[in-house]
Number of protein chains: 2
Amino acid sequence: MITNQLLNPGSIVVVGASNNAHKPGGAILRNLINGGYAGELRAVNPKEAEVQGVAAFADVKDIPDTDLAILAIPAPLCPDAVEVLAAEKQVRAFIILSAGFGEETREGALLENRILDTVNKYGASLIGPNCIGLMNTWHHSVFSQPIPQLHSQGVDLISSSGATAVFILESAVTKGLQFNSVWSVGNAKQIGVEDVLQYMDEHFNPETDSKIKLLYIESIGDPDRMLFHASSLIRKGCRIAAIKAGSSESGSRAASSHTGAIASSDSAVEALFRKAGVVRCYSREELTTVGCIFTLPELKGKNFAIITHAGGPGVMLTDALSKGGLNVPKLQGPVAEELKSKLYPGASVGNPIDILATGTPEHLRLCLDYCEEKFDEIDAVMAIFGTPGLVTMFEMYDVLHEKMQTCRKPIFPILPSINTAGAEVDAFLAKGHVNFADEVTLGTALSRIVNAPRPANNEIELFGVDVPRIRRIIDSIAEDSYIAPHLVQALLHSAGIPVVEEFVSDKKEEVLAFARRTGFPVVAKVVGPVHKSDVGGVVLNIKSEQHLALEFDRMMQIPEARSVMAQPMLKGTELFIGAKYEEKFGHVVLCGLGGIFVEVLKDVSSGLAPLSYEEAYSMIRSLRAYKIIKGTRGQKGLNEDKFAEIIVRLSTLLRFATEIKEMDINPLLATDKQVVAVDARIRVEKKRE
Amino acid sequence: MITNQLLNPGSIVVVGASNNAHKPGGAILRNLINGGYAGELRAVNPKEAEVQGVAAFADVKDIPDTDLAILAIPAPLCPDAVEVLAAEKQVRAFIILSAGFGEETREGALLENRILDTVNKYGASLIGPNCIGLMNTWHHSVFSQPIPQLHSQGVDLISSSGATAVFILESAVTKGLQFNSVWSVGNAKQIGVEDVLQYMDEHFNPETDSKIKLLYIESIGDPDRMLFHASSLIRKGCRIAAIKAGSSESGSRAASSHTGAIASSDSAVEALFRKAGVVRCYSREELTTVGCIFTLPELKGKNFAIITHAGGPGVMLTDALSKGGLNVPKLQGPVAEELKSKLYPGASVGNPIDILATGTPEHLRLCLDYCEEKFDEIDAVMAIFGTPGLVTMFEMYDVLHEKMQTCRKPIFPILPSINTAGAEVDAFLAKGHVNFADEVTLGTALSRIVNAPRPANNEIELFGVDVPRIRRIIDSIAEDSYIAPHLVQALLHSAGIPVVEEFVSDKKEEVLAFARRTGFPVVAKVVGPVHKSDVGGVVLNIKSEQHLALEFDRMMQIPEARSVMAQPMLKGTELFIGAKYEEKFGHVVLCGLGGIFVEVLKDVSSGLAPLSYEEAYSMIRSLRAYKIIKGTRGQKGLNEDKFAEIIVRLSTLLRFATEIKEMDINPLLATDKQVVAVDARIRVEKKRE
């Protein structure tokens, strides 16, 4: 639990405080003092009467009642100290910096458990152990550097790795990014990343609270809670970006070795972030760039003007925006000509707007005015202004500063001369702005944000889904395995998913009669063996009774063959839907075009069940092969609405049948009129007490 | 031409020199003085006897003989000054900073022409006009800042945009990248990017010359020369990376507006860079990161060890390397256990090797030793070492420095604490090293380098290509248009490209006789209309004479129909080869899988004719769909050798028939045994005097 004593302690004691700033107990006290902590500060140190000018006590037993205790003493000494502080000194918040707990040894884990019991008994908060601490606008309880600018509207950074948080700050401070709080949860014995998000969500005050959250996580312990609170915060107006490290196989092994947690599959993480509306990042540089973009007003559209006095970066930025699906529309006509007439000869206004190296601050102001008021097609402005050092940039950046206060459209400052105009950039940052030193890094990060979906709603589509029947079927299954074809059919029917008519029998005459009724050509498949194709158990396009009779006889000779299934042979384009139950995440649903698209090109998108229509459409549209579904070059498209409907219905089915651990419909055959499931496999596994 | 007076002037005169460092003529003089120029320095200024301590002359007529003249005077004054300096003062190198020439007005272009005539007459060099100048280890003849560290083994930067060069330097100096020379060619009236490359190639001295070239270009005026000298330099041991801005449609419009040059198609640029072995970059950040990587020894393999004392960045880097096709192999076994036993408890050696936050410089040394000497599977090491500020990093970075001097395997220093350990990082850079502050940016840039092909050889595959016959056919064509099917067939035959047998006639009985001979099913296509499919002029899988007769009658009714072509109906997977003649570049050849792969997924790779086998294989293997060609999941692959052969043969055909402006073979039908052209179109266009 997160107590007020943790966030706004009236008094803090550093246990193990030191005069030596090279020790955690010294560095954290120095940071608290330098950060101007306005509450009462105490130190515990058996050898000193005063530490860094702060009154020191020989033992925790000697201190007056205190809100927050920071422990920088060896692990074995921590449990007793916590006991005394909680029981006798009313301490209701602990930050334990020390390592040597569960992350190292079994004995350490036991120490950790004792501490947790005490802390929970007294209703106190615990950050750590094995962390760099916590800092916010009120107290800088971290032993690390750098300390960023802290501001109530700055970024909240929550990291499961302390060192990584430190390195994220290194990347952030250079850009001028300010912070409201930095949480390093360490071993997260009591408070993990999800807990911090939950607290922020449940106590959210839209008037006063920061609306930007950046996360660094290596494992997601409680995906449901992460999803719930992340999407809730985003719906309340927050913007969240996260690195989930360990996205590759080797990276996932590395992450497990770093945190000891079992890695979640990357498609589950991807699906969770999509559903929550979290912008996924892959590097510190990208995360802090996205954080900087979040500090600017949200985009209302995708059309950018680029104003610069140096052509090259404008061209590279145009390339980057275009590749990310954003536009740099050509500006022309009388208004553009009017603007051009007010700039120096040779200036161009076609977008990028190039005011030339000799362009003045007034030219910049004029261009910004035109972009705000006269170019209605423009949604946002990128201003690229560096210098070869002939003149200072103070005036230019002042114009930028002034316009950023008032402009109705977002203005992105790109100030590349971080050395030559270092003083000017610093002055600009000191006014609370951020700086994007590399235009392409900005363009790429911005595309990532614009292309991230909004958080999904939580409605479950129930229309036409026969939940009691689904439960009856699932409950009737006794064995953990792939279930029989007629049960697969029944489950899909119950969910309202159209399925090709089919007939299973071990009697040849019955199969032939079915084929006569539905008409040739038909498909015949052996029932029994799991990998039918590999044993010659699937034959397409059987055009006559005679041929079907021959195949029936042959298939019944295949080992494990129990019967033969016949279906009319449908035509259409193959689609694919698959689902897998991921421990803690629930069902991850994958969709794509069938065949090589799934198997070779790996062109699938993922969502977390249950899925709304909006999510299903977003999944379909994020496929590389979406144009095939939409139809191209005079070719009719496929029925996207029916495909989305089946994805939604399947996800509802899964929601009520969590015993389904794995399933796929492969293929679904799609035309412009219909989408029909042709083959499906479902594997059920039940937990037994 | 590039004269020795430009590179190593014994004397320099700044015409328009100023005491005001806010003017180009003042800033460039200051840079020359501060750069410790050791030759004789002179100034021309009508009002001063001395400028910045340098003797000043009232007029160019008054100065003694001088090697290099830098002009910072209004454009209209330049031609006369150049005339006097070249004719009377033996000046054989000019750098003209002034703007107001061809980039602005027609009058300016005339001034520029006059200057060029004079300069050429006297065999002098001309850099600019409208540029920031040229700097090398001998003289800093630029007016801009920042001035990077200059070193004879540093980077050569050649930029077609002065401001962009400046901003590239901003990004470079932060990383510690050193330079041998920086060229901003401005209007490139005499010396352009290609000329600088040519000079470097023709005068290359492997003992003394810098081997790293970074380019920023917005248009490629002379692709042949660029290709020839870039690949030649790379074959001599150089490494070249380049940004060609304007890769998107909007970006290309922006680039044209910036430089006035007509944009080359991006696939032509891509093909040229592939052929030359140039690593393509898209941002300043990426270019300078690649430049930093180039300063380290070349990789001998793809297996990396990551050594760190902070887990998170190691995980993110592992992800980035894995995504780029590089490996972070698991380290295990007795040697790994031995290393582990020498580190602190809790350290892990599985790779990433995590020596813990408390790990010492000696631990780092030990790990580097093991990676160099005992882990044979490791090709290179990434060392990630930042700090939360408790201890200084001098010792740690000294170990890194020492090992980097001697280690047989490349070591990549990743030092993220650019603020907190700023002094340590600066000290490390001062020893001549670079720093990669963001591990993922490094990982991504490295993948780009590793995946760039080597320069292609220049051999033309002639075996089985009947060049005289090709020329006879081409010469026989009178009209500019798509050529007749029998000529297409004849050209492909002459190039040794297997073509499906086909027969064209306007007599039904002849067509039927052909089909009887080759056997049904056949394909029938109308001859005459260009977009056959759109007018119902293609019918596949005709199985009987009767059907063929009907289709013949129908097709001959189609407007513009002249005759009907019949082919046996082949089976196989559709492949595609296309080619287009690009002004100045020659033929760009595209290949891919046919149908949706080309049309919807745009999964094509490009090469510049003529192509070697190595290039053809590299093109095929860089397709996303390559796995389909290779064969997957028990499916036989396609005959890659024959596909490559056809690409090579086609490129030879094009080499000897430059009148072919556009062609495609679509489809080629491929099985594991053969690849056969089924349909092809060739458009010929001849230049007529």
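Details
- Considering segment B:351-451, the qualifying helices (runs of 4 or more DSSP H), each wholly inside and each with 1 or more residues that are over 34 Å from the mean Cα position of the chain (by Cα), run over B:361-369, B:394-406, B:422-430.
- A single entry from A:Ser161, A:Ser144 fulfils the requirement of being more than 20 Å from the chain's Cα centre (by Cα), facing chain B (nearest Cβ under 8 Å) and crowded, with 24+ Cβ neighbours inside 10 Å: A:Ser144.
- Residue satisfying all of: in segment A:272-320; of a type in the set (Lys, Arg) and assigned to a helix (DSSP H, G or I); farthest from the other protein chains (Cβ to nearest Cβ) among these: A:Lys275
- If you go through segment B:164-201 and keep only what is within 13 Å of another protein chain (Cβ to nearest Cβ), assigned to a strand (DSSP E or B) and of a type outside the set (Ser, Thr, Tyr), you end up with just B:Val182.
- Condition check for B:Lys627: modelled with pLDDT under 95, of a type in the set (D, E, K, R), under 26 Å from A:Thr632 (Cβ atoms) and assigned to a strand (DSSP E or B): no
- Test: residue in segment B:47-66 that is touching a Pro at 6+ places or on another chain (Cβ under 6 Å) and assigned by the TED database to the domain that holds B:Lys121: yes
- Pair list, Cβ under 9 Å, 6 or more apart: segment B:590-609 residue at the interface with chain A (Cβ under 10 Å from one of its Cβ atoms) and at negative phi, other residue assigned to a strand (DSSP E or B) and among the hydroxyl-bearing types (Ser, Thr, Tyr): B:Leu593/B:Thr573
- Residue ID - farthest from the other protein chains (Cβ to nearest Cβ), chosen from residues in segment B:348-363 that are of a type in the set (A, V, I, L, M, F, W, C) and closer than 9 Å to B:His309 by Cα: B:Ile355
- Only one of the listed residues (A:Lys374, A:Lys409) is in contact with a Cys (Cβ under 8 Å, 6 or more places away or on another chain) and more than 22 Å from B:Gln145 (Cα to Cα). That residue is A:Lys409.
- Residue count for segment A:147-158 satisfying the condition of being more than 12 Å from chain B (Cβ to nearest Cβ) and in a loop (DSSP other than H, G, I, E, B): 1.
- The one condition in (1) without any contact (Cβ under 8 Å) to a residue 40 or more places away in the chain; (2) more than 10 Å from chain A (Cβ to nearest Cβ); (3) among the small types (Gly, Ala, Ser) that B:Ala625 fails to fulfil: (2)
- Considering segment B:560-590, and only residues there that are touching a Gly at 6+ places or on another chain (Cβ under 6 Å) and assigned to a loop (DSSP other than H, G, I, E, B), the residue that is surrounded by the fewest Cβ atoms within 10 Å (Cβ to Cβ) turns out to be B:Glu560.
- Matching entry among A:Asn113, A:Asn45, A:Asn20 (being under 21 Å from A:His140 (Cα atoms) and surrounded by fewer than 18 Cβ atoms within 10 Å (Cβ to Cβ)): A:Asn20
- Among (1) in contact with a helix residue (DSSP H, G or I) (Cβ under 8 Å, 6 or more places away or on another chain); (2) at pLDDT 95 or above - the single one B:Thr295 does not satisfy: (1)
- The requirement of being surrounded by fewer than 24 Cβ atoms within 10 Å (Cβ to Cβ), within 17 Å of B:Ala452 (Cα to Cα), among the small types (Gly, Ala, Ser) and assigned by the TED database to the domain that holds B:Leu364 is fulfilled nowhere in segment B:329-340; no residue meets it.
- Conditions (1) free of Cβ contacts under 8 Å to residues at least 40 places away in the same chain; (2) more than 20 Å from the chain's Cα centre (by Cα); number of the one not met by B:Leu197: (2)
- Test result for B:Val499, farther than 30 Å from A:Ala163 by Cα and touching a strand residue (DSSP E or B) at 6+ places or on another chain (Cβ under 7 Å): yes
- Residue within segment B:639-662 that is out of contact with any Cys (no Cβ under 8 Å at 6 or more places or on another chain), surrounded by 23 or more Cβ atoms within 10 Å (Cβ to Cβ) and within 14 Å of chain A (Cβ to nearest Cβ) present: no
- B:Arg683 meets each of the listed conditions (1) buried (at least 22 other Cβ atoms within 10 Å of the Cβ); (2) touching a Ser or Thr at 6+ places or on another chain (Cβ under 9 Å); (3) in a strand (DSSP E or B) apart from (1).
- Candidates A:Pro468, A:Pro485, A:Pro529, filtered to the one that is of a type outside the set (A, V, I, L, M, F, W, C), assigned by the TED database to the domain that holds A:Thr671 and surrounded by 18 or more Cβ atoms within 10 Å (Cβ to Cβ): A:Pro485
- Among the conditions (1) within 14 Å of chain A (Cβ to nearest Cβ); (2) in contact (Cβ under 8 Å) with a residue 40 or more places away in the chain; (3) in contact with a helix residue (DSSP H, G or I) (Cβ under 7 Å, 6 or more places away or on another chain), B:Gly246 misses just one, which is (2).
- Scanning segment B:424-453 for residues that are more than 23 Å from B:Ala320 (Cα to Cα), touching a residue at least 24 places away in the same chain (Cβ under 8 Å) and out of contact with any His (no Cβ under 8 Å at 6 or more places or on another chain) yields B:Glu424, B:Val425, B:Ala427, B:Leu429.
- Residue in segment B:653-664 that is under 17 Å from B:Leu593 (Cβ atoms), aliphatic (A, V, I, L, M) and either in a helix (DSSP H, G or I) or in contact (Cβ under 8 Å) with a residue 40 or more places away in the chain (or both) present: no
Residue by residue, here is whether (1) more than 14 Å from every other protein chain (Cβ to nearest Cβ); (2) on the phi > 0 side of the Ramachandran plot; (3) out of contact with any helix residue (DSSP H, G or I) (no Cβ under 9 Å at 6 or more places or on another chain); (4) of a type in the set (A, V, I, L, M, F, W, C) holds:
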{"position": "A:Pro24", "(1), (2), (3), (4)": "no, no, yes, no"}
{"position": "A:Ala27", "(1), (2), (3), (4)": "no, no, yes, yes"}
{"position": "A:Arg30", "(1), (2), (3), (4)": "no, no, yes, no"}
{"position": "A:Asn34", "(1), (2), (3), (4)": "no, no, yes, no"}
{"position": "A:Ala38", "(1), (2), (3), (4)": "yes, no, yes, yes"}
{"position": "A:Phe57", "(1), (2), (3), (4)": "yes, no, yes, yes"}
{"position": "A:Lys61", "(1), (2), (3), (4)": "yes, no, no, no"}
{"position": "A:Asp65", "(1), (2), (3), (4)": "yes, no, no, no"}
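- Condition met for B:Gly324 (surrounded by 20 or more Cβ atoms within 10 Å (Cβ to Cβ) and within 12 Å of chain A (Cβ to nearest Cβ)): no
- Residue match in segment B:205-212 (condition: buried (at least 22 other Cβ atoms within 10 Å of the Cβ), among the hydrophobic types (A, V, I, L, M, F, W, C) and assigned to a helix (DSSP H, G or I)): no
- A:Glu614 meets all of the listed conditions (1) acidic (Asp, Glu); (2) touching a residue at least 60 places away in the same chain (Cβ under 8 Å); (3) outside any helix (DSSP H, G or I) but one, namely (3).
The values are calculated or read from the model by the stated rules, or taken from the named source; none is laboratory data. Model, not experiment: these values are computed from the prediction. Cβ coordinates were reconstructed from backbone atoms using ideal geometry, including for glycine residues, and neighbour counts include every protein chain displayed.
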